[in-house]
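Working notes, structure below.
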Amino acid sequence: MSDTPRPPSALTIAGSDSGGGAGIQADLKTFAAHRVHGLSAIAALTAQHTRGVSAVHAPPVAFLQAQIDACFDDFDVRAVKIGMLATASIVVAVADALAAHPHVPVVLDPVMIATSGAKLLDDDALEALRARLLPRATVLTPNIPEAELLLGTPIVDAGRARTALGELRALGARGVLLKGGHLDEGDRVVDRYADAQVQFEHDAPRLAIDGHGTGCTLSSAIAAQLALGASPADACRQGIDYVHATMRDAYRPGRSAVSVLGHLGPIAR
């Protein structure tokens, strides 16, 4: 048996994107770009491409639990990223599985609606997400529409976005990164972060790219940074910078105008 220490691993519990631009596929490419060993537990299978989602299939809950248990049984899991969880039973199963590993940081990306508008979360799963997974989140990474669903109120301007940070933390998440791409702040995108010790706003130019998988990539980049030992606030800063680099290297593999991020571009530089 080798005496070489096991490398840090990050686990993504999310949906598979058959088009390769988001979900599990984006997560694993992001982990590789950060030189973190990537693990996956597939919570949903999707039939999708750059033009939309045409079908969603959720594997049996027992199989999802077996995947998670297998990863923790053999690897040095130092962070978990949670993405698409289609049903309440899946949300509960993931929460139960993670309860056995209370010290592992969790990045929760509350995937609810695809960019195409397709609904990716059942109605009864929303309350389960609030009750079971938000209190487990080291960092919660909603976009504006997802934050509005979680809070049940609209977020229409910068002032309301700042207030929403505290309200989202009150639901149980230790840190919240509220993504600003859906908020109209001119030619800028402002991402806002808050935890018990740190608060910051990250202001960057809005890029003229219709990017696929940006939310998945950001949350998995944050998880990778946490696995490497970064603080939650620093992991979010570095994750945002990584996503901007991948957007600059984006390309169009499909027939639509939607771009897939260049996950390995930052390595080349």
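Okay, residues lined up against (1) in contact with a strand residue (DSSP E or B) (Cβ under 7 Å, 6 or more places away or on another chain); (2) in contact (Cβ under 8 Å) with a residue 24 or more places away in the chain:
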site	(1), (2)
124	no, yes
138	yes, yes
141	yes, yes
145	yes, yes
151	no, no
Could you say which residue among 86, 55, 44, 66 is farther than 21 Å from residue 229 by Cβ and in a loop (DSSP other than H, G, I, E, B)?
86
Just one listed residue, out of 126, 133, 150, is modelled with pLDDT under 90, under 17 Å from the mean Cα position of the chain (by Cα), more than 21 Å from residue 185 (Cα to Cα) and assigned to a helix (DSSP H, G or I), and it is 126
Looking at residue 181, is it among the small types (Gly, Ala, Ser), in a loop (DSSP other than H, G, I, E, B), touching a helix residue (DSSP H, G or I) at 6+ places or on another chain (Cβ under 9 Å) and at positive phi?
no
Note on the stretch 223-269: residues of a type in the set (A, V, I, L, M) and at pLDDT 90 or above are 223, 224, 226, 227, 228, 230, 233, 235, 240, 243, 245, 261
Going through the stretch 8-25 one residue at a time, which ones are crowded, with 24+ Cβ neighbours inside 10 Å and either modelled with pLDDT of 95 or more or not hydrophobic (A, V, I, L, M, F, W, C) (or both)?
10, 11, 12, 13, 14, 15, 17, 21, 23, 24
Top-ranked residue of the stretch 203-217 - restricted to ones that are in contact with a strand residue (DSSP E or B) (Cβ under 7 Å, 6 or more places away or on another chain) and part of a loop (DSSP other than H, G, I, E, B), ranked as nearest to residue 143 (Cα to Cα)
213
Testing residue 141 on (1) surrounded by 21 or more Cβ atoms within 10 Å (Cβ to Cβ); (2) within 18 Å of residue 41 (Cα to Cα); (3) not aliphatic (A, V, I, L, M), one condition comes back false. Which one is that?
(2)
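The values are calculated or read from the model by the stated rules, or taken from the named source; none is laboratory data. Please read these numbers as outputs of a predicted model, since none were measured by experiment. Methodologically, a virtual Cβ is constructed for each residue, glycine included, from the backbone with ideal geometry; neighbour enumeration extends over all protein chains shown.
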